[in-house]
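Here is the structure we will look at.
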Amino acid sequence: MIDEIIKYFHSLNYIKSEDIPNLDLYMDQVTGFMERNLDPIKRHHDDKALTKTMINNYAKNKLLPPPDKKRYNRDHMLVLLFIYYYKGMLQLNDIEALLKPLNDKYFGGKSSISLTDIYNEVFTMEAAEKSRIFNEVEEMNRISLHSFSADDPKFKDLSDEDREELQLFSFMCELGLDVFIKKLLMEKIADRLHEKELERQNAERAMKKK
């Protein structure tokens with residue numbers, strides 16, 4: 001079962017920047033694009049990748065710059081993809097803190113470096129990272145298959161079915177610990193970003209009072 005799931009994940013790929021339309025889109029076109037291209041990584045086929053309500057909420061909470069006359073450009077699409085990848089791991093205010101420098105400095109051609117450049121640079125690491133991550137997952141699976149061993153007197157009377165269930169539980173615990181630690185690290189980084197932004201705002205207020 002685990003081998004089949006890992007094989008499925010190896011078949012997945014990210015959305016290439018060149019596949020994102022280089023023209024302004026209306027909301028229905030944005031959600032349609034996301035549904036088509038994110039469908040392979042949705043947990044259930046019926047799940048919605050991004051809805052109109054979600055996108056409006058992201059703009060309201062300053063994760064996403066507002067559309068221009070109800071139209072969304074390539075930079076909007078890139079930011080929405082970053083939000084989609086992060087929203088299962090971080091709170092919206094944490095994602096806002098993470099994306100704020102990108103939106104402030106690079107959105108809409110504000111710099112010689114574009115959001116497309118940043119997106120492409122991040123995802124050049126994708127193939128190597130996927131390989132590294134799945135090597136780790138396969139090692140976790142190997143370790144779990146040696147847990148609850150029949151050689152251990154405590155577990156020698158387990159049936160094959162019960163042993164397999166407990167080994168799967170052991171594997172899930174290993175995955176869970178990995179996810180928990182990395183999520184905690186991301187949250188701590190987001191906390192530092194919040195503190196940094198608060199310090200910047202306080203410094204601006206102090207300057208205005210002078």
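The values are calculated or read from the model by the stated rules, or taken from the named source; none is laboratory data. Keep in mind it's a predicted model, so treat the numbers as computed, not measured. For neighbour counting, all protein chains shown are included, and Cβ atoms are generated from backbone atoms with ideal geometry for every residue, glycine included. Accessible surface is based on the protein model in full, side chains and every heavy atom, while ligands, DNA and RNA are left aside. Shrake-Rupley method; radii C 1.70, N 1.55, O 1.52, S 1.80 Å.
Scanning the range 126-156 for residues that are of a type in the set (Ser, Thr, Tyr) and closer than 26 Å to residue 169 by Cβ, we see that the one that is farthest from the chain's Cα centre (by Cα) is 149. Against the test of being in contact with a helix residue (DSSP H, G or I) (Cβ under 8 Å, 6 or more places away or on another chain), over 30 Å from residue 4 (Cβ atoms) and either free of Cβ contacts under 8 Å to residues at least 40 places away in the same chain or aliphatic (A, V, I, L, M) (or both), the options 150, 97 yield a single qualifying residue, 97. Against the definition (farther than 19 Å from residue 89 by Cα, surrounded by 11 or more Cβ atoms within 10 Å (Cβ to Cβ) and touching a Pro at 6+ places or on another chain (Cβ under 6 Å)), how does residue 107 come out, yes or no? Yes: the conditions hold for residue 107. Being charged (D, E, K, R), modelled with pLDDT of 95 or more and closer than 29 Å to residue 63 by Cβ is a property that residue 196 lacks. Residue 162 passes every criterion in (1) within 25 Å of the chain's Cα centre (by Cα); (2) farther than 25 Å from residue 31 by Cα apart from (1). Checking the stated criteria, residue 49 turns out not to satisfy the condition of being more than 23 Å from residue 13 (Cβ to Cβ), under 18 Å from the mean Cα position of the chain (by Cα) and surrounded by 15 or more Cβ atoms within 10 Å (Cβ to Cβ). Residues of the range 74-125 that are in a helix (DSSP H, G or I), hydroxyl-bearing (Ser, Thr, Tyr) and more than 12 Å from the chain's Cα centre (by Cα): 116, 119. Candidates in the range 1-30 are the residues that are modelled with pLDDT under 95 and either of a type in the set (Val, Ile, Thr) or touching an Asp or Glu at 6+ places or on another chain (Cβ under 6 Å) (or both); of these, the one that is nearest to residue 145 (Cα to Cα) is 2.
Could you list, in sequence order, the residues of the range 34-64 that are in a helix (DSSP H, G or I) and either of a type in the set (Val, Ile, Thr) or farther than 18 Å from residue 98 by Cβ (or both)? Answer for the range 34-64, where residues must be in a helix (DSSP H, G or I) and either of a type in the set (Val, Ile, Thr) or farther than 18 Å from residue 98 by Cβ (or both): 34, 35, 36, 37, 38, 39, 40, 41, 52, 53, 55, 56. Within the range 1-13, the set of residues being open to solvent by less than 50 Å² (accessible area, probe 1.4 Å) and either acidic (Asp, Glu) or not in a helix (DSSP H, G or I) (or both) comprises just one member, 12. Is it true that residue 29 is closer than 30 Å to residue 199 by Cα, out of contact with any Cys (no Cβ under 8 Å at 6 or more places or on another chain), open to solvent by 40 Å² or more (accessible area, probe 1.4 Å) and polar (S, T, N, Q)? In short, no.
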